[in-house]
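Working notes for the structure below.
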Amino acid sequence: MSSELKVDTISEKTSASGVTVDGVLIKDGLVDGVDVSTLSVDTNGFVLLDTLTASNSATLISDNFVDDTKYNSYRIVCENILPSANNPNMLVVFRQGGASGSDITGTYRGAKYRIGLNTTANNTNYSAQSGTNYIEWTYGLRNPSTTSKFNGVYDFFPNSSDGGSTHFNGAFIVVSATNNGDIYFWNSSGIYYSSTNCTGLKWYMGNGNIESGQIYIYGIKK
């Protein structure tokens, strides 16, 4: 025998305690402490965790989005990124410490390759690269030009309680700032080979600021 209960309002029995349904606490607009109105989930299991918008920004930082109990990896989408200077590299630093994040310092390793889309010149592999306290996220961005804003997609695997090392791999297309408008496809990879847990990311330009654009961070559900 089934039954149905219809009510307009369910009130807390104890003031400010919320209401628990099947072990899930609903309180003050939160579900188990999470503001679900800020989450966007598509049918492929991608959850929008953060959106960063540049406005002549010295840095873009997202701390504390890593949660290895919910996500197996992360997708970083860069949309219409424009530097304030011409020909800078966009750099990335891994972060630690959760909400009170700080940079992970040390030697970062990386590798990249470049393929011309309108030229066969300057097709190049860049291997065994290193940087102190950072690694290149992109190369040779261009300003000013509305047709050469940087767009790219990256897969990000932070070291967490499961162990391993923090690394990323991404692909992007840029109009070269130094080679007469040649167009290049790049693949970029970077790693911090350490057991240090990573909980966030920071981006900045090697020269100048991030004039405009957005970075979207998605968690890929387990």
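The values are calculated or read from the model by the stated rules, or taken from the named source; none is laboratory data. All values reported here derive from a predicted model rather than from experimental measurement. Using ideal geometry, Cβ is built from the backbone for each residue, glycine included, and neighbour counts are taken over all protein chains shown. These accessible areas exclude ligands, DNA and RNA; they are computed on the full protein's heavy atoms, side chains included. Shrake-Rupley method; radii C 1.70, N 1.55, O 1.52, S 1.80 Å.
Check LYS149, LYS222 and return the single one that is exposed (fewer than 15 other Cβ atoms within 10 Å of the Cβ) and modelled with pLDDT under 95.
LYS222
Search region 155-211 for residues being of a type in the set (Ser, Thr, Tyr) and more than 26 Å from ASN64 (Cα to Cα), and hand back the single one that is farthest from the chain's Cα centre (by Cα).
Filtering first and then ranking leaves THR178.
All but one of (1) under 13 Å from GLY206 (Cα atoms); (2) under 22 Å from the mean Cα position of the chain (by Cα); (3) among the small types (Gly, Ala, Ser) hold for ALA85, so report the exception by its number.
(2)
Which of the strands (runs of 3 or more DSSP E) found entirely inside region 54-111 contain at least 1 residues meeting this: open to solvent by less than 60 Å² (accessible area, probe 1.4 Å), modelled with pLDDT of 95 or more and basic (Lys, Arg)?
The qualifying strands (runs of 3 or more DSSP E) are 90-96.
Keeping to region 118-133, report how many residues are in contact (Cβ under 8 Å) with a residue 60 or more places away in the chain and surrounded by 12 or more Cβ atoms within 10 Å (Cβ to Cβ).
2
So SER160 ticks every box in (1) in a strand (DSSP E or B); (2) in contact with a Cys (Cβ under 8 Å, 6 or more places away or on another chain); (3) surrounded by fewer than 20 Cβ atoms within 10 Å (Cβ to Cβ) but one. Which box is left unticked?
Tallying (1) in a strand (DSSP E or B); (2) in contact with a Cys (Cβ under 8 Å, 6 or more places away or on another chain); (3) surrounded by fewer than 20 Cβ atoms within 10 Å (Cβ to Cβ), SER160 fails exactly one: (1).
Can you tell me which residue is surrounded by the most Cβ atoms within 10 Å (Cβ to Cβ) among those in region 24-38 that are modelled with pLDDT under 70 and assigned to a loop (DSSP other than H, G, I, E, B)?
Checking each candidate, the answer is ASP32.
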